[in-house]
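Worksheet for the structure shown next.
The values are calculated or read from the model by the stated rules, or taken from the named source; none is laboratory data. Values in this document were obtained by computation on a predicted structure and should not be read as measured data. All Cβ positions, even for glycine, are placed from backbone atoms using ideal geometry, and neighbour counts span all protein chains on display.
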Amino acid sequence: MKKRSLIHLNLSENTADDLRGKQSVRTTFKLSQRSITALNILAGQLGIKQKSLFDHLAEDTDVLKMVAKEAEEISRRTQRVAKTYVISRRTLDNLEAVAGRYNTPRDALVEFSIDRILPLLELEKEKHQKR
């Protein structure tokens, strides 16, 4: 009992915030089929979870801001599909903060962020073809 209370006392507020930020949440994005496929393939090729890809895409707030400014040019003609993903709370909070600040839909931020990693997908395809 004493050991447990010492551990609890040593947890800083930052650590608790970090743990809450890593909490998984479900959220739905409306994305193009191309983006959904790219996420599936890239996660499979790299052997990582889609949640980790989302974390990577949303961790750089400066890039998200740049994406938000360009997102106004998004094509409305592309068919979008509603798809639910598990992402970290920190990633969701980051996406919502940037979307709100720049008056840009979260879906557009995610779509353009996925477009940023498409060259990585092409690189993985090339490696696979060489094998």
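In region 109-131, the residues that are touching a residue at least 24 places away in the same chain (Cβ under 8 Å) and under 16 Å from residue 53 (Cβ atoms) form Cβ pairs under 6 Å with partners that are of a type in the set (Val, Ile, Thr) and surrounded by 14 or more Cβ atoms within 10 Å (Cβ to Cβ), at six or more places apart or across chains, as follows: 109/67; 112/67; 113/67.
When region 95-113 is limited to residues that are under 9 Å from the mean Cα position of the chain (by Cα) and at pLDDT 90 or above, the one that is nearest to residue 62 (Cα to Cα) turns out to be 95. The single residue among 36, 48, 87 that is in a helix (DSSP H, G or I) and aliphatic (A, V, I, L, M) turns out to be 36.
No other residue among 108, 97, 58, 82 is under 27 Å from residue 23 (Cβ atoms) and in contact with a Leu (Cβ under 6 Å, 6 or more places away or on another chain) apart from 58. Among the residues of region 59-82, is any modelled with pLDDT of 85 or more, surrounded by 19 or more Cβ atoms within 10 Å (Cβ to Cβ) and of a type in the set (Gly, Ala, Ser)? No: region 59-82 contains no residue that is modelled with pLDDT of 85 or more, surrounded by 19 or more Cβ atoms within 10 Å (Cβ to Cβ) and of a type in the set (Gly, Ala, Ser). Among the residues of this structure, residue 3 counts as one that is on the phi < 0 side of the Ramachandran plot, at pLDDT below 85 and not β-branched (Val, Ile, Thr). Would it be correct to say that residue 87 is touching a His at 6+ places or on another chain (Cβ under 9 Å) and either closer than 14 Å to residue 27 by Cα or aliphatic (A, V, I, L, M) (or both)? In short, no. Here 96, 111 are screened, and the one residue that is in contact with a strand residue (DSSP E or B) (Cβ under 7 Å, 6 or more places away or on another chain), assigned to a helix (DSSP H, G or I), among the charged types (D, E, K, R) and surrounded by 12 or more Cβ atoms within 10 Å (Cβ to Cβ) is 111. Residue-level check: of (1) surrounded by fewer than 18 Cβ atoms within 10 Å (Cβ to Cβ); (2) under 10 Å from the mean Cα position of the chain (by Cα); (3) among the hydrophobic types (A, V, I, L, M, F, W, C); (4) modelled with pLDDT under 90, residue 120 misses just (2).
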